[in-house]
Amino acid sequence: MKYQIGVIGAGSIARKRHLPELLDNPHVRIAAVCDTVLERAEEMTEIYGGKAFSDYRDLLALKGLDAVIVCATNTTHAEMTIAALQAGKHVLCEKPMATTLPAARAMIEAAEQSGKFLMIAHNQRLAPACVKAGEILQSGKLGKVLTFQTVFGHPGSEYWAIDAGRTWFYERQVAGLGVMSDLGIHKIDLVHWLLDDDFSEAAAMAGTLNKVNAAGALIDVEDNALCLLRTKRGVMGTVTVSWTYQKEDNSTIFYCEKGVLRIYAHPDYQLIVDYSNTEGEYHKVGEIPTNVKQVKSGIVDLFVDCLVNNRKPEISGEEGYKALETVMACFEAIKSRRVVSIG
Ligand SMILES: NC(=O)c1ccc[n+]([C@@H]2O[C@H](COP(=O)([O-])OP(=O)(O)OC[C@H]3O[C@@H](n4cnc5c(N)ncnc54)[C@H](O)[C@@H]3O)[C@@H](O)[C@H]2O)c1
């Protein structure tokens, strides 16, 4: 049996990741693609097959459809996900799962009520060096993690999104939030997962330093942010995110009792385990997808594996909620200029 899957949003992430990864999966048939710009959906169905739609509600009404991938603009995620779950479809939803916490909660409740799966596309957990880093941290070889620093910066979404040059990522009404919810949420989820620990406190600073709209005015969401986080077990660290780094940086470093673990922090060695008393171990384990070079993320395979084995996705709505909750705590900290408690 092949799962019939529909893709909502035929922009960059659908083209560069979800559709190619769906095509690669032997358990899947691409049944439909939807985009408000119908030609974009048609362009994709010509390549991948299935029916093209301009209204996601028509896609959801397609007979035999088992699941959808929601990868349109941020502020559409909650409405589309809830409608899909209520229509009896499993959902893989792009990050940020929603742009408000009540909307994220409503998505989780819709999944519970429908009995269908909701998974959030926090794909950094699946990058090979992150998987291996998790194993090393779990092994205890490095002792306890004490502090961390994680960074995600690239030159900006205008170099990535389908509407080259001008992008909805910079418009509050469509994006909901800025670089913190676009890039920061990836790293917050990753560190939470690698530490197997929840964040408990946040302090943060953000600014719009460089990105301008068509009128030449600074955009109305932040393009840079620096956050200080503490976990329930007391690990402290920084999350630095930027849309103004001229070269991409997607690194995470854990400073532990017995050494340092460097993830995607070196151009040739994706993982470096630097023990305090011996020479470092340099591992070539596989790249992480970047804006300029997409490698297989594995997110579609994981989602389909959950369908095949009838297993609730590990990267669940609840996990997506935790990441969004931490992002929201950072915004509250920025607004109030205070340290904010989480959860
Ligand atoms: N996990 C990741 O690493 C990753 C990377 C990039 C983007 N994303 C996420 O994927 C989502 C899409 O980003 P993108 O880079 O593809 O943006 P994009 O601008 O390239 O594409 C978005 C597409 O959605 C379409 N769209 C907008 N509203 C719609 C609606 N109501 N119905 C159907 N289609 C609609 C647009 O016409 C456009 O073609 C965003 O939420 C983004 O945060 C995730």
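The values are calculated or read from the model by the stated rules, or taken from the named source; none is laboratory data. It should be emphasised that the depicted structure is a prediction, and the values quoted were computed from it without experimental measurement. Here the Cβ is made from the backbone with ideal geometry for all residues, glycine too, and neighbour counts use every protein chain on show. Accessible surface areas use protein heavy atoms only, side chains included; no ligands, DNA or RNA. Shrake-Rupley method; radii C 1.70, N 1.55, O 1.52, S 1.80 Å.
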Total lysine pairs whose alpha carbons fall under 18 Å of each other in region 92-224 (8 or more apart, or interchain): 4
Protection proxy ranking, peptides 178-184, 9-15, average beta carbon neighbours within 10 Å, highest first: 178-184, 9-15
Accessible surface of I185 - all protein chains present, 1.4 Å probe, nearest 10 Å²: 0 Å²
All aspartates and glutamates inside 12 Å of K89 as judged from Cα atoms, apart from same-chain residues fewer than 8 positions distant: D66
Portion, in percent, of the accessible area of region 208-269 that falls on carbon or sulfur, probe 1.4 Å: 53 percent
Label-point separation, K144 to R311 (7 Å along Cα→Cβ), nm: 3.2 nm
Region 109-165: C-alpha gyration tensor shape, a/c 1.5 cut-off, then a/b vs b/c: oblate
Beta bridges by DSSP in the chain, antiparallel share as percent, to the nearest 5: 60 percent
Inter-label distance, nm, simple model (7 Å from Cα along the C-beta direction), K293/E46: 3.1 nm
Candidates A333, A67, A214, ranked by Gaussian network fluctuation over the chain, Cα under 10 Å, top entry: A214
Mean Cβ neighbour count within 10 Å, used as a protection proxy, ranking 288-301, 20-33 highest first: 20-33, 288-301
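Just to confirm a number: summing +1 for Lys and Arg and -1 for Asp and Glu over residues other than E79 whose beta-carbon lies under 13 angstrom from that of E79, what do you get?
0
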Protein accessible area in region 1-141, 1.4 Å probe - carbon and sulfur %: 50 percent
Residue-count net charge about W193 - beta-carbon cut-off 10 Å; Lys, Arg +1, Asp, Glu -1: -3
Cut-off under 5 Å, modelled amide H: who pairs with A204 long-range: L228, I334
Inverse mean reciprocal Cα-Cα distance (Kirkwood Rh) of the chain, Å: 20.5 Å
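For the chain, what does the accessible surface come to per residue with a 1.4 Å probe? Please give it in Å².
44 Å²
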Table column - 3J(HN,Hα) (Hz), region 247-257, Karplus curve with 6.51, -1.76, 1.60, x for Gly and Pro: 10, 5, 10, 10, 9, 9, 10, 10, 9, 10, 4
Loop-resident sites, region 192-264, for GluC sites (Glu not before Pro), counting at most 14 other Cβ within 10 Å (DSSP): E257
37 °C / 0.692 mPa s Stokes-Einstein diffusion coefficient of region 162-285, Kirkwood radius on C-alpha pairs, µm²/s: 199 µm²/s
